[in-house]
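Visitor: Before I ask anything, let me first share the structure, which is written out below as structure tokens.
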Amino acid sequence: MEYMEHLDWPWPVAWVRTWQAPWRRIPAPESVEHARFAEAWDMAQAGAWQAARGEVRELLQGCRDLPAAWNLLGIAELHLQDVEQALASFSVLSGLAGRDVRPHNNLAVCHHRLGRGDWAEAALRRALQIAPSHPVVLGNLMSLLGQGEVGPDRREGHRLLEVVRRHIPERL
């Protein structure tokens, strides 16, 4: 299953103005938080996931309502194979991100990695309620179906396939 990083840092002013509404709460460019987030971002880009996780955790101790920081924390935790912690971070993010599919998709990835196919399916269904034709979410749902990780029998797989078929745009 594919998770969605959205690691498009640095954030120029024009980008901040066009960012999706649920994610607008980012550190102001002149703030200490912005500098700390930028540092964590650079660490992540360099593959220093442990250091990035530490920096983001410190940042979030002082400012807990930064969706981009929770997302980066969850991604770092996934890279470090700390799936339970990633699940916790993406859970917080889902409460901050409003109607954005990314946290739900990333929750599904965590559940999948933990062997919880039914929970992964539920998270993907929440994402599909928000964006019925989102390609990554649909791809993950099909992947989950193809691996036979949901449902006790083939009927469950057929039911899930019908859900996916209802949400695939006609042009595909």
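The values are calculated or read from the model by the stated rules, or taken from the named source; none is laboratory data. Everything numeric in this text was worked out from a predicted model, so none of it was measured. Neighbour counts are summed over all protein chains in view; Cβ atoms, including those assigned to glycine, are modelled from backbone coordinates with ideal geometry. Just so you know, the surface numbers come from the protein's heavy atoms only, side chains and all, with ligands and any DNA or RNA stripped out. Shrake-Rupley method; radii C 1.70, N 1.55, O 1.52, S 1.80 Å.
Visitor: Any idea of the accessible area per residue across segment 23-114, 1.4 Å probe, to the nearest Å²?
Guide: Values: 3780 Å² over 92 residues.
About 41 Å² of surface per residue is accessible.
Visitor: Let me ask something additional. Using a 1.4 angstrom probe on heavy atoms only, work out the carbon and sulfur share of the accessible area of segment 55-105 in %.
Guide: On the way: 820 of 1840 Å².
Accessible surface attributable to carbon and sulfur in segment 55-105 totals 45 percent.
Visitor: With each pseudo-label sitting 7 Å past Cα toward Cβ, what's the residue 32-residue 142 distance in nm, one decimal?
Guide: Going by the 7 Å Cα→Cβ label model, 4.9 nm.
Visitor: Expressed in nm to one decimal, what extension gain is obtained for the pair residue 116 and residue 58 from 0.36 nm per residue of sequence separation less their Cα-Cα distance?
Guide: Working: separation 58, 0.36 × 58 = 20.88 nm, distance 3.02 nm.
Full-extension gain reported as 17.9 nm.
Visitor: When you count, for each residue, the other Cβ atoms within 10 Å and take the mean per peptide, how do 105-118, 56-69 rank with the highest first?
Guide: Details: 105-118: 21.1, 56-69: 18.0.
Top of the packing list down: 105-118, 56-69.
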